[in-house]
Amino acid sequence: MSLAILCGALAFAAGGSAAAEFRKGDLVVEHPWARASIVPGRPAVAYLTVRNTGDAPDRLVAVASPRAARAHLHETRHEGGVMRMVPVEALTVPAGGALALAPGGTHVMLMGLARPLAEGETVPLTLTFERAGEITVEVVVGKPGAMGAGERKGMGPMPHGH
Amino acid sequence: MRLSKPVLFVLGVVLSVAVAWALVALVRDMGAGPGGRPAVVTTGTAEIGGPFTLTDHTGKRVTDKDFHGRFALVFFGFTYCPDVCPTELQTIARALDLLGEDAAKVTPVFITVDPARDDPETMARYVRAFHPRMVGLTGSPEEIAAAAKAYKVYYRAGKPSAPGANDYLVDHTSFIYLMGPDGAFRALYRAGTGPEALAAGIRAQIGAE
């Protein structure tokens, strides 16, 4: 019994923010994370994964944060070598599937920050889904060049299984 | 255990198909076939690069010659860009880490395509978040345009969200350029190349010096 608890504790510690899951209805938002935003007045970016455990697709239609005057979904598009960031109105979370916001793809842009996002802090982010409604998650702020959740002071990059 | 002839035959076919599949994939990844896109593109001619005069993040005026004597990894971006630019600058920083002692032979350089917002102080804050030796370069719009032209960099500022807002984004090509100690172009790497491939490319160039 104590071995099981020890294993559980180790798994939790190894996973870092393994507990960073937020559920609402059929949706599970996993590991919301952001990059520290370095320069005052610049926007910040947040990433996360949404898993849909239900039978019907849902759509992420709005994002908001008390730290940002404006928040919007954006997508980085790489067309013939040119990088463009375009606003997107909604993102589908397929039934039985997942929506991943990650570097180089779709992301949350947080603009009009009163103060930069600092490494190590957590920031509230409210996601609005067409079916599931609103869910507020805690976004963990990592290093300016972080490539995934869990990259912050004192922690190296999380091992990648793929 | 002896395998019967039909089983051997089937195994032979499976093995041949597997080998053929691997060869096709390998050739495709080398860019030899349609749809193949190599991570590294090298050109035989020194069309990329050239003279520039810019202002570094300490406010000092520098030219391209100030970077001769070492390799340089050059990336054009802007500090208002929170997705692609930090990723590529982190790739550069991490590639230098992977080079170990050879990292001292390479200068990481970040040139802004948004000189209106990216002044030297802003560039200083930005580059030190990625690497202690990263140099940030800015200048007048004309000076930046000249540097971008030399590197065949396309960039275009978009519209702000509202009149008077200062939140426009800049579309831009996003290659990492490896320049030699003689200032000549050596190789370019697409965004998304990743630190390991970038370090391997640099190592090969250093080794060939």
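None of the figures in this text is laboratory data; all of them are computed from the coordinates on show. What you see is a predicted model, and the numbers here were worked out from it, not measured in a lab. Note that we place each Cβ from the backbone using ideal geometry, even for glycine, and neighbour counts take in every protein chain shown.
So what is the calculated 222 nm ellipticity per residue for chain B, using -39500 (n - 2.57) for each DSSP H run with n of 4 or more, over all residues, to the nearest 500 deg cm²/dmol? Taken over chain B, the calculation gives -11000 deg cm²/dmol.
Applying 1/(1 + (r/R0)^6) with R0 = 35 Å to the Cβ-Cβ distance of B:ASP119 and A:ALA102 gives a FRET efficiency near 0.65. Taken residue by residue and averaged, Cβ atoms of other chains lying within 10 Å of the Cβ of A:53-60 number 0.
The calculated FRET efficiency for the pair A:THR92 and A:GLU138, based on their C-beta separation and a Förster distance of 30 Å, comes to about 0.80. Build a GNM of chain B with springs between Cα atoms under 10 Å apart, and of B:ALA187, B:ALA150, B:ALA95 the one that fluctuates most is B:ALA150. Inter-chain neighbour count for A:37-44: the average number of beta-carbon atoms from partner chains within 10 Å of each residue's beta-carbon is 6.
Peptide A:79-91 shows a mean partner chain C-beta count of 4 within 10 Å per residue C-beta. A simple packing score, the average count of other Cβ atoms within 10 Å per residue, orders the peptides B:169-181, B:79-91 as B:79-91, B:169-181, with the highest score first. A simple spin-label model places the labels of B:LEU3 and B:ASN166 7.1 nm from each other, with each point 7 Å out along Cα-to-Cβ. Averaged over residues, the count of other Cβ atoms within 10 Å places the peptides A:138-148, B:153-163, B:47-57 in the sequence A:138-148, B:47-57, B:153-163, highest first. If R0 is 30 Å, the Cβ-Cβ spacing of A:GLU75 and B:ALA146 corresponds to a FRET efficiency of close to 0.40. Across region A:39-54, computed HN-Hα scalar couplings (Karplus, 6.51 cos²θ - 1.76 cosθ + 1.60, θ = phi - 60°) run 10, x, x, 8, x, 10, 10, 10, 10, 5, 10, 10, 9, 10, 8, x Hz from first to last residue, x flagging Gly and Pro. Helices meeting the span-like rule in chain B (full DSSP H runs, Cα extent of at least 15 Å along the helix axis, mean Kyte-Doolittle score of -0.5 or higher): B:5-29, B:84-99, B:195-207.
Relative protection proxy for B:137-147, B:62-72, from highest mean packing down: B:137-147, B:62-72 (other beta-carbon atoms within 10 angstrom).
Based on C-alpha pairs under 8 angstrom that are at least 6 apart in sequence, chain B has a relative contact order of 27 percent.
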